[in-house]
Every structure is written in structure tokens, then in C-alpha cells.
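I have placed the structure first, in the form of C-alpha cells, so that the comments after it can refer back to it.
The values are calculated or read from the model by the stated rules, or taken from the named source; none is laboratory data. Source: prediction; values computed, not measured. Note: ideal-geometry Cβ built from the backbone for every residue, glycine included; neighbour counts use all protein chains shown.
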Amino acid sequence: MYRAIIHLVVCCFITHAHAAMPKSQLWLAQEGENGFSVQPLTDKDAYHNQPLITEKGVYYTKEVMADGQSQTDLFLYRFDDKSHTNLTNTPESEYSPTIFPHKKGISTIVVEQSGEQRLWFYPEDKSQPPSRIFEHIKPVGYHAWGGNEDVILFILGEPHSLQFTNLSGHLPKVVAKDIGRSLAYNANRDIYSFTYSVNGQQWFATYSSSTGGVKKHFRLPSSVRDYTWFDGSNLAYAIDNKIFIRNIDAPKSVKLWRNLQDYCDTDITRLSYYDGVLAFVCER
């Protein structure tokens, strides 16, 4: 059973939303002894997005209405009883649920009452209050935890930048600029992955915190903004409604994994993979 990759694709955040958000639907695709199966995880009547699949289930972001306005809460779909649980249920909007590796709970981007976007921790123990992880680091869009107490952050700006720090709260190091929204950590190789624009073209790249170096691996198709690691060497991304696999050690070889047009007749965007199960978003 594959557990070596900690995949933390943090996805699109939206600042204070007062109108309905774009509709999207979550699906699960699974390879098993009885073949390949695909099933919807949510309805398609609202924003269901930013999946993170784990052994327990699928964490995701969902649009909810409060006082006639649109906001987002974090939900968990549990594999064992097929239930959907609202994990936050707050007046603020939360995005990009991610497993917090140092305590039981999740880390998330919170749009605070002031409009600032910071990284927060929501404990699994509901008797404990949520808390900011960093007071001084803002505005945060996405994040991915690595080894030790390290984390990479998507910091909003002109241009957006990838920054590296740890829980000690040291001043973040700027790793790259003009980056994309999809961040991940590959535990097998002890590297972070991200995308960024070079001369108008999107590249898939990695960052090693041990060496401090950034490596460009290959150019991405122009429509690709998100990806997920399948294992230590292979990653997957979607073009339209087809999923392709690419090996970072042999990037010229691109293989079709699955054509999912029978389930999603528009575009597949966000992806999250764990142990033979793929969670994906179909835009509506």
C-alpha cells in the first residue's frame, strides 16, 4: 500500500465572496480487484472543490450560504460510513484543507474578518479553539507541509511568490516567483513541487530545502494548473477530461491514464490521489 507521498495539493482560494461561486462537483475514481469504478462524491449544485484524499476519507471545501451571502466551510467525507461532516462551520471562509503533521487536526487558509488571509490550525479535538499558525506571514493563498517542521507557502503579491519557512516562524525565504497554485511535498525524494512561469510558459519544478536549489523538470501544457503525485516518481494532471501520467525522470513520455469523459463532460481541474483512489473536480 502506497503511503510514501504526502500529497498536499492546495487549491484555488477566493477572497470574501458575496455572490454564488462557480459550481463544481467532486468525484472518486478507484482501481480495484473488480476493475475501475467512478462515482460522484457530491452534488453539482454548488462549489465543491479542493479535495485532499487520505486513508480516512476526502477533505474538501464547500460553498455554504449564510445570511444570504456565500462563504466556504471545510468538510470531510468518511470512507467508513459515507458521511459528510462540516469541520469548521464558522462565520469566516476557510479554504485548502491540509493535514497538519504535528498535532491532530488540519491546517487551512482563513479569510479573517479583517480580510487578511492567514494560515490557521483547526484541532480535531473540538474542545480546543482554532489558532493562527503564523501571526506575521500574510497574505497566504496555499501551503504544503514537508519534513521536520518545514512548510512552503504561496504568498499573494505582484507577482505571487513561493516562500519557505518552518514552525519557528523565521522570516520566510523566497524560493521562486510567478508561481502557480498547486504545491506538494514528495516524501520519497524529500522535495517540494510547484509550477511557475518562465518567459510566459508554465514549468513543473521542484525545490530541495536541504540544498536550497530549484530544478525545472518540464514544460506543462498551457491549460494545466494542477497535478497530484501518484508515487515517488510519477505525477498526474488533467487535460480537458482526460488524466495523463508523467515521470519526472523521463518527462518526454506522457501516458494516458484514464479518459473520464463519460463522467465529466467539461474540464477536470483539481486532483488528489491516495492508495489507488483519485479524487477529482469536474467543473459545472
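Identify all residues within region 170-198 that are in contact with a Pro (Cβ under 9 Å, 6 or more places away or on another chain) and surrounded by fewer than 21 Cβ atoms within 10 Å (Cβ to Cβ); write none if there are none. Once the filter is applied, which keeps residues that are in contact with a Pro (Cβ under 9 Å, 6 or more places away or on another chain) and surrounded by fewer than 21 Cβ atoms within 10 Å (Cβ to Cβ), region 170-198 yields Lys177, Asp178, Ser197.
Of the residues Gln117, Gln201, Gln163, which is surrounded by fewer than 13 Cβ atoms within 10 Å (Cβ to Cβ) and of a type outside the set (Asp, Glu)?
On the way: Gln117 fails: surrounded by fewer than 13 Cβ atoms within 10 Å (Cβ to Cβ); Gln163 fails: surrounded by fewer than 13 Cβ atoms within 10 Å (Cβ to Cβ).
Testing whether each residue is surrounded by fewer than 13 Cβ atoms within 10 Å (Cβ to Cβ) and of a type outside the set (Asp, Glu) leaves just Gln201.
All conditions in (1) closer than 21 Å to Glu94 by Cβ; (2) polar (S, T, N, Q); (3) touching a Lys or Arg at 6+ places or on another chain (Cβ under 6 Å) hold for Thr206, with the sole exception of (1).
Which ones in region 110-151 are more than 18 Å from Ser93 (Cα to Cα), in a strand (DSSP E or B) and touching a residue at least 40 places away in the same chain (Cβ under 8 Å)? Hits for region 110-151 are Ala144, Trp145, Asp150. Of the residues making up region 89-106, those that are in contact with a Pro (Cβ under 8 Å, 6 or more places away or on another chain) and closer than 17 Å to Gly57 by Cβ are Lys104, Gly105, Ile106. Just one of the listed residues (Asn247, Asn259) is free of Cβ contacts under 8 Å to residues at least 40 places away in the same chain and closer than 15 Å to Thr206 by Cα, and it is Asn247.
Taking region 77-109 as the range and being part of a strand (DSSP E or B) and aliphatic (A, V, I, L, M) as the test, the residues that pass are Ile99, Ile106, Ile109.
Which residues, taken from region 160-188, are within 25 Å of Leu271 (Cα to Cα) and either part of a loop (DSSP other than H, G, I, E, B) or modelled with pLDDT under 95 (or both)? His160, Asp178, Gly180, Arg181, Ser182, Leu183, Ala187, Asn188 - these are the residues of region 160-188 that are within 25 Å of Leu271 (Cα to Cα) and either part of a loop (DSSP other than H, G, I, E, B) or modelled with pLDDT under 95 (or both). Are any of the residues in region 121-130 among the charged types (D, E, K, R) and surrounded by 13 or more Cβ atoms within 10 Å (Cβ to Cβ)? No, region 121-130 has no match at all.
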